[in-house]
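The values are calculated or read from the model by the stated rules, or taken from the named source; none is laboratory data. What you see is a predicted model, and the numbers here were worked out from it, not measured in a lab. Counting neighbours? That spans all protein chains shown, and the Cβs are built from the backbone with ideal geometry, glycine included. Just the protein is used for accessible areas: all its heavy atoms, side chains included, with ligands, DNA and RNA removed. Shrake-Rupley method; radii C 1.70, N 1.55, O 1.52, S 1.80 Å.
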Amino acid sequence: MAVTGWLESLRTAQKTALLQDGRRKVHYLFPDGKEMAEEYDEKTSELLVRKWRVKSALGAMGQWQLEVGDPAPLGAGNLGPELIKESNANEQSSSWICLLQPIFMRKDTKMSFQWRIRNLPYPKDVYSVSVDQKERCIIVRTTNKKYYKKFSIPDLDRHQLPLDDALLSFAHANCTLIISYQKPKEVVVAESELQKELKKVKTAHSNDGDCKTQ
């Protein structure tokens, strides 16, 4: 029922769509004034970006809050803390060194919710990744107490689905911890239904001017 309810809210939201640079950009306006913007790969329909914006108590529009996608770069030519740089200790070496500040981001696949935490140089056996059923979140810890992070899965909250330890896994490579949570079948079906719905939305091209509104 909850899955159907969230899908129905997406169906009934006011939507505009724009095709630009190989991405299909969809903007949702909900009856309560909340806005959601998504970007999909034009060819694969893979979700690349999702962000939200809500009005303040005084009615002003707030800043966009990123849920899925790469954090905004700090600026061209400026090495930000989210980047990894190549070691120049040996010009022939392809080894990498991590900068100190970990950077957290979400980047899903078709079948999994996935998060990447960059700049974590510790070996895999240092990390513990688990589900906290009471708080409905995932918790990342290190045995050396150098890193701690907990985060929710908004999709499961919106669909009112439980978290399952069996669907959680993680890997580590190149100073990056990759956490995957297999999407429940209800989510996979709902996302497929949404793509069918989005095909009904008239899509403008970047040279067509304003987006068409459903």
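Find the accessible area per residue for the range 1-59; the probe is 1.4 Å, ligands and nucleic acids are left out, and the unit is Å².
Result: 56 Å² per residue.
How far is it, in nm, from the label point at Ala171 to the one at Met105 when both lie 7 Å from their Cα along the line to the Cβ?
1.8 nm
Quick one: which of 60-66, 20-26, 123-129 comes out on top by average Cβ neighbours within 10 Å, and what's the full order, highest first?
Averaged packing, sorted descending, gives the order 20-26, 123-129, 60-66.
Cβ under 11 Å from Val126's Cβ, Val126 left aside: what net charge do those residues give with Lys, Arg +1 and Asp, Glu -1?
That sum, taken over residues with Cβ under 11 Å, equals +3.
Once you sort the root eigenvalues of the Cα gyration tensor of the range 1-71 as a ≥ b ≥ c, which label holds: rounded (a/c under 1.5), prolate (a/b larger than b/c) or oblate (the other case)?
oblate
I need the phi-derived Karplus couplings for the range 8-23: 6.51 cos²θ - 1.76 cosθ + 1.60, θ = phi - 60°, integer Hz, Gly and Pro marked x.
So the J values, rounded to whole Hz, are 5, 5, 6, 5, 8, 5, 6, 10, 10, 9, 9, 9, 8, 6, x, 10.
Can you give me the accessible area per residue for the range 134-207, using a 1.4 Å probe, in Å²?
Accessible area per residue, the range 134-207: 58 Å².
Excluding Leu156 itself, calculate the net charge of residues whose Cβ lies under 12 Å from the Cβ of Leu156, where each Lys or Arg counts +1 and each Asp or Glu counts -1.
In short, -1.
Could you tell me which of the pairs Lys149/Lys200; Lys15/Lys149; Lys43/Lys185; Lys107/Lys202; Lys25/Lys146 are separated by over 32 angstrom between their Cα atoms in the structure shown?
Result: Lys149/Lys200; Lys15/Lys149; Lys25/Lys146 exceed 32 Å.
What is the extension gain from Lys200 to Tyr148, computed as 0.36 nm multiplied by their sequence separation minus the C-alpha to C-alpha distance, in nm to one decimal?
14.4 nm
In a shell of Cβ-Cβ distance under 9 Å around Val54, excluding Val54 itself, what net charge do Lys and Arg (+1) and Asp and Glu (-1) give?
Once positives and negatives cancel, what remains is +1.
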